[in-house]
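Report on the structure given below.
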């Protein structure tokens, strides 16, 4: 399917298609493999949390940042 075909669909139709595609991944026999770099990023983030270097904000703070 090409992007032009998708753009002919309503937003609701595209959302429904996206949900169907996502659901298709959960019913497959095989497991979806994450790329190796994902583990490296997660390990770095775990280290940042463990060392106290990671910073956290509240959901309200995030929303305020997105408004600005």
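The values are calculated or read from the model by the stated rules, or taken from the named source; none is laboratory data. In this text the structure is predicted, and so the values were computed from the model without any measurement. Glycine also receives a Cβ, built like all others from the backbone with ideal geometry; neighbour counts cover every protein chain displayed.
Which condition breaks for residue 6 when tested against (1) surrounded by fewer than 10 Cβ atoms within 10 Å (Cβ to Cβ); (2) at pLDDT below 95?
So the condition that residue 6 fails would be (1).
Residues to consider are 45, 14; find the one that is surrounded by 11 or more Cβ atoms within 10 Å (Cβ to Cβ), outside the structural domain of residue 1 (by TED's automatic domain parsing) and without any contact (Cβ under 8 Å) to a residue 60 or more places away in the chain.
Of 45, 14, the one residue that is surrounded by 11 or more Cβ atoms within 10 Å (Cβ to Cβ), outside the structural domain of residue 1 (by TED's automatic domain parsing) and without any contact (Cβ under 8 Å) to a residue 60 or more places away in the chain is 45.
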